[in-house]
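Here is the structure we will look at, set down as structure tokens.
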Amino acid sequence: MKLVYRVLALLAFAAAAPAAAQLHVDVTAEGSEKMTIAIPVMPTPQAAETPAGGTVALGRQVADVVAGDLRGSGLFQPVGPAGIREIAYPEVAAPDFGFWGGSNAQALVEGFVRAEADGRITVGCYLYDVALKTELARQGFVVAPRDWRRAAHKCADTIYSRLTGESPFFDSRIAYIAESGPKDRRVKRLAIMDSDGANHRFLTNGQSGVLGPRFSPDYKQIVYVSYVENRPRIYIYDIGTGRQRVVTESANQTFAPRFSPDGKWILFSMAVNGNTDVYKVSSAGGPVQRLTNTPGIDVGGSFSPDGSRIVFESDRSGSQQIYVMNADGSNQHRISFGGGRYATPEWSPRGDLIAFTRIAGNFRIGVMTPDGGGERLLTNSWQDEAPTWSPNGRVIQFFRTSQGRSGASSVWQVDLTGVNERRIPTPLDGSDPAWGPILP
């Protein structure tokens, strides 16, 4: 199965604007005012039909996706594309700053959609500082028409990076467990979607339960656990071909597989004779190596970005807490000392924080430094759990379970301020999300 998205060509982009034109949004400031950005419909130099629709319609759709991405980040207040003046094609490179200056917009995004002779389309993306009448960024993509949405995400990534100074994350994908059926007989299928919930598809048919998906570092594979005839197996699913292979299997309960940063190892947990420990196995398969060996339950979390350490949870002290050890299992030590229990730790791709679930009455998502300092709780719902990081380490996705008989679960995200929180739409209930790397 071929990858749906591929950026085929990149147009030249302008040099950075002078220092005087540095519009900036602080992604770490709580309660900061959102930047207003005008995003008119993207015009076309000549209306043409493509397999994905006409270039006129695509211009509106691309602008809608860009506005949705920026709005969803919680940092920006997009105005348009609906309800504001549509622009002509020549205005893309020569905006009417006199008009936009009276619109209260601080920044302006303009672009175009153009059909090419070879059947592809070009999506252009320009960012301007309205007050200083300055171009801040210009970038474009030549893509197959079916990939117009990826081009829109790339445009939003360009804007986000230029205005925040942070790495982008919109052009990425989410794997998660799609759930349906009665609470006591849930059908669980592996599914994948864009970071905004679009382009959803199921990867497994639900005949056997699926748990704990996580992407490989190169995004080409997903590791997960599936129970076939009540026998747990760790599988690796190849996104490009749709093929899957068994890495290891056992009669013992197995869960929480995670790739190492170099993709050579799979970290997982296994219960043997009533004792659960953290193990690792080559991603090519082979003998398993035991990393912990204490009475109780040790559950693998994730590797640090450099692969030198592993964060995991353990109840060896009497309750679930977070521990860190070297990648070979040495130097195991506890880092969580707040109230309640701690579970599902995951290291940030930046290396600066560890996300976790804290259980103290309710389930909340929080972060702390790798030495256990600076603990902060980011959510306050009834049951939020299983955090996974955006590629840039600034946003956390998790799943939320509702109270009541249904126990419905849904995928949510929150940024590090704890203020900007939103639900990601899924066609069925969703749990255990895994955020993949930014796409090339």
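Checking each residue in segment 235-272 for being in contact (Cβ under 8 Å) with a residue 24 or more places away in the chain and not in a strand (DSSP E or B) picks out ILE239, GLY240, THR241, GLY242, SER260, PRO261, ASP262, GLY263. Could you tell me whether segment 150-169 includes any residue that is crowded, with 21+ Cβ neighbours inside 10 Å, farther than 26 Å from ALA137 by Cα and more than 14 Å from the chain's Cα centre (by Cα)? No; the residues of segment 150-169 include none that is crowded, with 21+ Cβ neighbours inside 10 Å, farther than 26 Å from ALA137 by Cα and more than 14 Å from the chain's Cα centre (by Cα).
Close contacts from segment 95-115, counting a first residue that is more than 26 Å from ALA151 (Cβ to Cβ) and a second that is surrounded by 20 or more Cβ atoms within 10 Å (Cβ to Cβ) and not aromatic (Phe, Trp, Tyr), with Cβ to Cβ under 8 Å and a gap of 6+ residues or different chains, come to GLY101/VAL130. Among residues of segment 414-430 that are β-branched (Val, Ile, Thr), those with a Cβ under 6 angstrom from a residue that is open to solvent by less than 20 Å² (accessible area, probe 1.4 Å), sequence gap 6+ or separate chain, pair up as VAL414/LEU378; VAL414/THR379; VAL414/ILE396; ILE424/GLY197; ILE424/VAL411; THR426/VAL411.
The set of residues from segment 270-287 being in contact with a Lys or Arg (Cβ under 7 Å, 6 or more places away or on another chain) and over 21 Å from ARG334 (Cα atoms) comprises SER282, SER283. Just so you know, in segment 213-251 the residues that are open to solvent by less than 50 Å² (accessible area, probe 1.4 Å) and over 15 Å from SER283 (Cα atoms) include one that is modelled with the lowest pLDDT, and it is VAL228.
Being hydrophobic (A, V, I, L, M, F, W, C), open to solvent by 30 Å² or more (accessible area, probe 1.4 Å) and either in a helix (DSSP H, G or I) or over 30 Å from LEU416 (Cα atoms) (or both) holds for only one residue in ALA29, ALA117, and it is ALA117.
Residues in segment 188-212 that are open to solvent by 30 Å² or more (accessible area, probe 1.4 Å) and either more than 25 Å from TYR227 (Cβ to Cβ) or at pLDDT below 90 (or both): ASP196, ASN199, ASN205, GLN207, SER208, GLY209.
Scanning segment 209-222 for residues that are touching a residue at least 60 places away in the same chain (Cβ under 8 Å) and among the hydrophobic types (A, V, I, L, M, F, W, C) yields LEU211, PHE215, ILE222.
Can you name every residue in segment 66-81 that is farther than 16 Å from ARG150 by Cα and within 17 Å of the chain's Cα centre (by Cα)?
Scanning segment 66-81 gives ARG71, GLY72, SER73, GLY74, LEU75.
To keep it simple, each residue is scored yes or no on (1) open to solvent by 60 Å² or more (accessible area, probe 1.4 Å); (2) closer than 18 Å to PRO43 by Cα; (3) of a type in the set (A, V, I, L, M, F, W, C); (4) not in a strand (DSSP E or B).
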{"site": "SER103", "(1), (2), (3), (4)": "no, no, no, yes"}
{"site": "THR122", "(1), (2), (3), (4)": "no, yes, no, no"}
{"site": "CYS125", "(1), (2), (3), (4)": "no, yes, yes, no"}
{"site": "TYR128", "(1), (2), (3), (4)": "no, yes, no, no"}
{"site": "LEU132", "(1), (2), (3), (4)": "yes, no, yes, yes"}
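Listed by first and then second residue, the pairs with beta-carbon distance under 7 Å, at least 6 apart or on different chains, first residue in segment 342-353 and of a type in the set (Phe, Trp, Tyr), second part of a loop (DSSP other than H, G, I, E, B) and open to solvent by 10 Å² or more (accessible area, probe 1.4 Å), are TYR342/GLN320; TRP347/PRO305. Checking each residue in segment 35-64 for being β-branched (Val, Ile, Thr) and either open to solvent by less than 10 Å² (accessible area, probe 1.4 Å) or part of a strand (DSSP E or B) (or both) picks out THR36, ILE37, ILE39, THR50, THR55, VAL62. Looking at segment 170-187 only, could you name the residues that are open to solvent by less than 10 Å² (accessible area, probe 1.4 Å) and over 23 Å from ARG146 (Cα atoms)? Passing the criteria: TYR176, ILE177, ALA178. In the set (1) without any contact (Cβ under 8 Å) to a residue 60 or more places away in the chain; (2) surrounded by 22 or more Cβ atoms within 10 Å (Cβ to Cβ), ASP69 fails one condition alone, (1).
ALA19 falls short of the stated requirement of being in contact with a strand residue (DSSP E or B) (Cβ under 8 Å, 6 or more places away or on another chain), over 17 Å from PRO145 (Cβ atoms), exposed (fewer than 15 other Cβ atoms within 10 Å of the Cβ) and modelled with pLDDT under 70. Taking (1) open to solvent by less than 80 Å² (accessible area, probe 1.4 Å); (2) outside any strand (DSSP E or B) in turn, ALA284 satisfies each apart from (1).
The values are calculated or read from the model by the stated rules, or taken from the named source; none is laboratory data. Just so you know, these numbers come straight off a predicted model, no measurement behind them. As a convention, Cβ positions derive from the backbone with ideal geometry for all residues, glycine included, and neighbour counts pool all protein chains shown. To get the accessible areas, we keep the full protein, side chains included, count just its heavy atoms, and leave off ligands, DNA and RNA. Shrake-Rupley method; radii C 1.70, N 1.55, O 1.52, S 1.80 Å.
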